[in-house]
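Reviewing the structure listed below.
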Amino acid sequence: MIKFYNTIIRKKEDFKTINSNKVGLYTCGPTVYDYAHIGNFRAYMFEDLLRRFLEFSGYEVYHVMNITDIDDKTIKKANKEKIPLLEVTEKYTKFFHEDVQVLNILPAHNYPKATNYVEKMIELIKVLEDKGYAYKTRDGSVFFKISKYLDYGKLANLNPNSQKVGKRVENDEYEKEEARDFALWKARKVEDGTIYWNSPWGEGRPGWHLECSVMSMDLLGDHFDIHCGGVDNIFPHHENEIAQSCAANECKFVNYWLHNKHLLVDGQKMSKSLGNFYKIKDIINKGYSAESIRYTLISTHYRQELNFTFDKLKASQKAINRLRELKRRLAVVSNRSKGDITEKCEKMVIDFQQELSNDLNISGALGTLFTWANEIFRLLDLEKVSKSSALTAIDVISKIDSILGVVGFNTEVLSDDVELLIEERNKARQEKNWQKADNIRKELESLGIILDDTPGGTIWKKK
Ligand code: AMP
Ligand code: ZN
């Protein structure tokens, strides 16, 4: 049985789907006014791990990730740079998809954009208005009336007493009834320039929280299984999503709320002024591999803060290399070798899955994997792995990698020159020309390729 920590009840609970083996998954996506940073990708990577694990466990996941292309930041950027909103948002959406591909993240099945949903958002506001949950202010904005929605604050665990802000609050920007009420529709302001949409309440644009409610319900139904995001999304974003959706539909909105903690860099919050603000490309340009970024982002449990360092990337690369080396060693097991490791392989997969079933306990899962890998290395050294069970072990690595997504990265391509040298050395060894074989080994080493002569044959790895 899979268990997830559900933010709304603040404990782990058994995962039960609404509809047999189908899972509706909604994850808050990027605000496309700038490049996504490594912190954003911690969220997307946790969500990728979650999805891959659910699929591994036999679920059919329908994954929706929104693209926030209407909000204060996208509009501000377009106006500042004096270019159409669409030009800004398309540019950064394209970069986002490129990074998703580079990091081997499974693309969502649907990436709805707020700009394509304004009509539907207006419809939802009308429903809320009809039911008495929304009110218009003099400037033409529409607000959600929190005092009418009695369950407000359950997700963020807000104290109901401290929430009672009864008095009317005059606000510079809007005249809302209570300070905590949030905008469903924001009236057009001078600084919005020509970026606005028409509505029954006048010109303006939808509020950000409304966007996620409308897009998720349109594509996954009024009530769906899992909603994710970073912890910063819990309040007010997700709390407000619940209020709008439940008030409009009078039914439960989401069953499981999963939130990842933040990524820090060298123990500090990422910020441009500290110079520790990284995009994926920045890290790749420093010479680190995409798979090492991927491994680093998933290998700390999603509910723990992740302290990102370049040393962690190096350690991740080592871990990935070890699995790759194991695969290569298994591939060249000699026919003479005997010993059945099938049972060990099967047990490892079961244990790995069981660890992840416990709220994605990745440390436990990786511990299981590497204990197994060390044991298989030992048996390979002793020539105690039969050819057929070596093939089973290779399959098992691929199976595990359908969740981790790091071993099969196609980055380990040797140049033609190096391949030729390896071949030449193999020939020299067959001819028992040890001096020549040794010289070639040294030459390869200077090129960053280390050879390992195993009982089954010679394998290579990068330094
Ligand atoms: P945004 O583009 O700001 O709406 O954020 C997209 C996703 O990234 C949301 O799920 C955020 O919670 C998440 N996120 C933002 N900053 C970080 C961070 N430093 N660490 C982890 N997740 C983050
Ligand atoms: Zn959202």
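Given the pairs K11/K312; K12/K73; K387/K462; K73/K399; K16/K461; K113/K318, which span a C-alpha to C-alpha distance of over 32 angstrom in this model? Flagged as over cut-off: K12/K73; K73/K399; K16/K461; K113/K318. Mean separation of Cα pairs under 8 Å and 6 or more residues apart, divided by the residue count, gives the chain a relative contact order of 16 percent. Could you please state how large a percent of the accessible area of segment 215-291 is carbon and sulfur, counting protein chains only and using a 1.4 Å probe? Summing carbon and sulfur atoms, their accessible area is 50 percent of the total for segment 215-291. Summarising the amide proton neighbourhood of N110: residues at separation of 5 or more, or on other chains, whose placed amide H is nearer than 5 Å comprise H63, M65.
The length gained by stretching the chain between E60 and K387 to full extension, at 0.36 nm per residue less their Cα-Cα distance, is 114.3 nm.
Between the beta carbons of K73 and I9, assuming R0 = 30 Å, the FRET efficiency works out to 0.40 to the nearest 0.05.
Helix 208-220 and the longest principal axis of the Cα set of the chain meet at an angle near 60°.
Sequence-ordered 3J(HN,Hα) estimates for segment 133-146 from the Karplus curve with 6.51, -1.76 and 1.60 and θ = phi - 60° stand at 9, 9, 9, 9, 9, 4, 7, x, 8, 10, 10, 8, 8, 5 Hz, glycine and proline given as x. The Cα center of segment 70-113 and the Cα center of segment 274-342 differ in position by 28 Å.
Taking θ as phi - 60° and the Karplus parameters 6.51, -1.76 and 1.60, the scalar couplings of segment 436-441 work out to 5, 4, 5, 4, 5, 4 Hz in sequence order, x denoting glycine and proline.
Apolar share of the accessible surface for segment 111-161: 46 percent from carbon plus sulfur atoms, 1.4 Å probe. Residues in the chain average 47 Å² of solvent-accessible surface per residue, probe 1.4 Å, ligands and nucleic acids excluded.
Could you tell me the distance between the Cα centroids of segment 213-227 and segment 30-51, to the nearest Å? After rounding, the separation between the Cα centres reads 20 Å.
In order along segment 52-63, the Karplus-derived 3J(HN,Hα) couplings, from 6.51 cos²θ - 1.76 cosθ + 1.60 at θ = phi - 60°, round to 4, 5, 4, 5, 4, 7, x, 7, 9, 9, 10, 10 Hz, and Gly and Pro are given as x.
Label point 7 Å out from D452 along Cα-to-Cβ: which residues of segment 372-408 have amide N under 14 Å? In segment 372-408, the label zone of D452 (backbone N under 14 Å from the point 7 Å along Cα→Cβ) covers 373-383.
If each DSSP helix of 4+ residues adds -39,500 (n - 2.57) and the sum is divided by the residues in the chain, what number results at 222 nm, nearest 500 deg cm²/dmol?
Using -39500 (n - 2.57) per qualifying helix, the result is -14000 deg cm²/dmol.
The values are calculated or read from the model by the stated rules, or taken from the named source; none is laboratory data. Just so we're clear, the structure is a prediction, and the values are computed from it rather than from any experiment. Cβ coordinates were reconstructed from backbone atoms using ideal geometry, including for glycine residues, and neighbour counts include every protein chain displayed. Side chains included, ligands, DNA and RNA excluded: accessible areas come from the protein's heavy atoms. Shrake-Rupley method; radii C 1.70, N 1.55, O 1.52, S 1.80 Å.
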